[in-house]
Amino acid sequence: MTAPHAAPSLPPVARRVFANRTLNLRAIEAVGFDMDYTLIHYRTDAWERRAFEHARERIAKLGWPTESLEFTPQAFTQGLVVDRKLGNVVKANRFGFVVRAMHGTRVLEFEEQRAMYSRVLVDLAEPRWQFMNTLFSLSEACLFAGLADLVDAGKLPTGTSYEDAYAVVRSSLDAAHVEGALKAEIVKEPDRFVELDEELPLALRDLRQAGKKLLVITNSEWEYTRDIMSYTFDRFVPGGWRSLFDLVIVGARKPEFFMGSAPIFEIVDESGLLRPSVGPLREGGVYLGGNARLVEKKLECPGERILYVGDHIFSDVNVTKNLLRWRTALIVRALEDEVHALESFKQKQRDLDALMAEKELLEHASGQLRLRLLRDDGGYGDGVPPAELRRGLSQLRGQLEELDARIAPLAREGVEIVNRSWGPMMRAGNDKSHLARQIERHADVYTSRVANFLYATPFAYLRSPRGSLPHDVV
Ligand SMILES: [Mg+2]
């Protein structure tokens, strides 16, 4: 056991809770959780492969050729953007400039990419763009990329556009998610699909013991929620999973749940029998549908004392933050791999930064010499013979070339870490990625998994760092 006064140390970086806006957990009275990919982490490869297969079968029923469609989840990452119009998947920086693009299953050369996107900005409010919000988007990207190749090869019915292909992907996946077959498979063999985390139940018990009300608000239906929550928690929690939560809401239809005024029904028995709910919500109850106002009324606390934790940037954190002013936490599991990759690249990043600083100096010196030559041409030079200035300039050019040769491989390696095609999820070159910008705007805090609140403790004061600005003096 750790001595009460052991030297303090912070959790490993990959398991910290990062703050965009300062959040005092002590001031939070209730914590609501999304379920899929928030409380329950799925083995993405297994789950998404099944979703992909189910959707592919549906596409085949349309008479479309599907043999060439391949499930390659490593080819894509969360936070990329589907361009329905051109049959591409792109990565954008925080301003919406496309920094990398894939057409069908082929990464575009820089020149092709520039020709397509030099005058185009990614604006997620336009229907052209579909943001890959969660890990559920991986099967979608694989299917769309495969079909875009088939559009190009003329193997789909005449007149099929990339947009049509996307619509088919979307409807096939939606149907696969809604129909019972996929979920039945998951529930039948949960060990294949669900990654257990024994620290998670303890994190939830701690939050509850610290006086916070805990809620589940999920779009999944009751039977699935019951089975999968029970599988995940009951082995660790003596009273079963229900004993951890003050309120469970299934079939919530987020994001409408946070915006609308849908009626709520109580689920009165384990089989899912419903009755209309009148009056205040019952402690420990399970409900279907409803809306966030009912939850606020039940909790009797203002929005800023409710924290909602989810993995979907739009449905879980954007709307809750903007409309209700609830505090928000985003779960981004891929952050763990990202942090590990950054840690292993740390020394090289330092080397790269040092080389770039050296390059900046040489470029500045070179600019000054050129200016002196220019002034000399204009007849108001400083009297140093131009030949001497040119000699200096050519020397600098040589040094810069040598420096560039050292920078290039490091820079290339830097943009290929985490994912060879797309690089780090949260960065676009030196800038923030579009995903990072979305997270910054809508999530007060973000972390790789709910269990990280165990390390943070229910008493944490999660401070946002002093943001960096180009003119910072360091
Ligand atoms: Mg989710």
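The values are calculated or read from the model by the stated rules, or taken from the named source; none is laboratory data. Since we're looking at a predicted model, the values are computed, not measured. When we count neighbours, we look across all protein chains shown, and the Cβ atoms used for this are built from the backbone with ideal geometry, even at glycine.
Assorted remarks:
- Selection count where residues are crowded, with 21+ Cβ neighbours inside 10 Å and more than 16 Å from the ligand (Cβ to nearest atom), scope the range 29-49: 1
- Of the residues contained in the range 64-78, one or more are found to be within 16 Å of the ligand (Cβ to nearest atom) and not in a helix (DSSP H, G or I).
- Residue match in the range 56-72 (condition: of a type outside the set (A, V, I, L, M, F, W, C), buried (at least 16 other Cβ atoms within 10 Å of the Cβ), in contact (Cβ under 8 Å) with a residue 40 or more places away in the chain and closer than 30 Å to Thr225 by Cα): yes
- Boolean, Val309 is part of a strand (DSSP E or B), of a type outside the set (Ser, Thr, Tyr) and buried (at least 20 other Cβ atoms within 10 Å of the Cβ): yes
- Index of the failed condition, Glu48 passing every other in (1) modelled with pLDDT of 95 or more; (2) outside the structural domain of Thr232 (by TED's automatic domain parsing): (1)
- Across the range 403-430, the qualifying residues are those that are without any contact (Cβ under 8 Å) to a residue 12 or more places away in the chain and surrounded by fewer than 18 Cβ atoms within 10 Å (Cβ to Cβ), and the one among them that is farthest from Asn93 (Cα to Cα) is Ala405.
- Within the option set Leu204, Leu214, being more than 16 Å from the ligand (Cβ to nearest atom) and outside any helix (DSSP H, G or I) holds for one residue only, Leu214.
- Of everything listed in (1) more than 16 Å from the ligand (Cβ to nearest atom); (2) polar (S, T, N, Q); (3) within 26 Å of Tyr446 (Cβ to Cβ), the single unmet condition for Ser277 is (3).
- For the range 327-359, a residue qualifies if it is farther than 19 Å from Arg420 by Cβ and more than 16 Å from the ligand (Cβ to nearest atom), and the qualifying residues are Arg327, Lys346, Gln347, Arg350, Asp351, Asp353, Ala354, Leu355, Met356, Ala357, Glu358, Lys359.
- Pick from the range 296-317, criterion out of contact with any strand residue (DSSP E or B) (no Cβ under 9 Å at 6 or more places or on another chain) and away from the ligand (no atom under 16 Å from the Cβ), ranking: nearest to Gly79 (Cα to Cα): Pro302
- Some residue of the range 167-185 being farther than 22 Å from Ala46 by Cβ and either surrounded by 21 or more Cβ atoms within 10 Å (Cβ to Cβ) or over 23 Å from the mean Cα position of the chain (by Cα) (or both): yes
- Applying the criterion of at least 1 residues that are closer than 30 Å to Leu196 by Cβ to the helices (runs of 4 or more DSSP H) found wholly in the range 375-474 leaves 434-442, 452-456.
- Residue match in the range 273-281 (condition: in contact with a Gly (Cβ under 9 Å, 6 or more places away or on another chain), surrounded by fewer than 19 Cβ atoms within 10 Å (Cβ to Cβ) and touching a residue at least 12 places away in the same chain (Cβ under 8 Å)): no
- With respect to the conditions (1) under 22 Å from Asn133 (Cβ atoms); (2) surrounded by fewer than 17 Cβ atoms within 10 Å (Cβ to Cβ); (3) β-branched (Val, Ile, Thr), Thr328 lacks only one, and its number is (2).
- Tally of residues being free of Cβ contacts under 8 Å to residues at least 12 places away in the same chain and not polar (S, T, N, Q) across the range 308-361: 7
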